[in-house]
Amino acid sequence: MSRMATRLRNTGFAVLLGLYVGTAFAQTPTEFINDASAQGVAEIEASRLAHQKSESKEVKDYTIVVINDRTTANQHLAKIAKQLDLPVAPREEVVGKAKALMPQVMEGTTFDEAYAASQVKTTQEAIDQLQQAAQTTDVPEIKAYAEETLPKLQNHLQMAKALQASR
């Protein structure tokens, strides 16, 4: 096989693989709303726990921002689901999924450190999910939600990284 034919074959394979990867992670609107809601509940509950356990003003201030922003985001997701007449998971299922997503955070002096590290990880995962949804969805409401929520989560990530660096 000539070099040109080999390059064309490899390029074609790379394009097909890229298309597969792009669609492999695409979620239905219902899956996206249920997953994003569960992530939000997990972040809210982890932040409530951190707010109670931490003695750091910096951590407490961060948790308030996360709780407020994620509560608002979850309310927005519920409105989108209602607008689109989508079946959503029962609250118990969302809470169960959220518990599985909640990081196990240590007690004592390492609590703030573990919380900050978990926030960096989980916030980056949420950002990745929103970016994927914004790129792959054909539902304008979900695209708008992702574009509206991404800057807030990017701010959370910067704050979490600063918390992590200060520990």
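A short reminder: the numbers here are calculations on the coordinates, not readings from a lab. Predicted model, so just to flag it, every value in this text is computed and none were measured. Positions of Cβ are backbone-derived with ideal geometry, glycine not excepted, and every protein chain shown enters the neighbour counts.
What FRET efficiency comes out for Thr110 versus Thr71 if R0 is 22 angstrom and r is the Cβ-Cβ distance? Round to the nearest 0.05. Write out the running numbers ahead of the final one.
Details: r = 28 Å, r/R0 = 1.25.
Rounded to the nearest 0.05, the efficiency is 0.20.
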* **Pairwise Lys count, segment 27-166 - Cα closer than 17 Å, eight or more residues apart or different chains** => 9
* Just the Cα atoms of segment 27-166: what Rg and Dmax do they give in Å? -> 14.9, 47
* Which whole-number percent gives the relative contact order of segment 27-166, counting Cα pairs below 8 Å spaced six or more residues apart? -> 31 percent
* Structure fact -> At R0 = 35 Å the Cβ-Cβ FRET efficiency linking Gln132 and Ile64, nearest 0.05, sits at 0.80
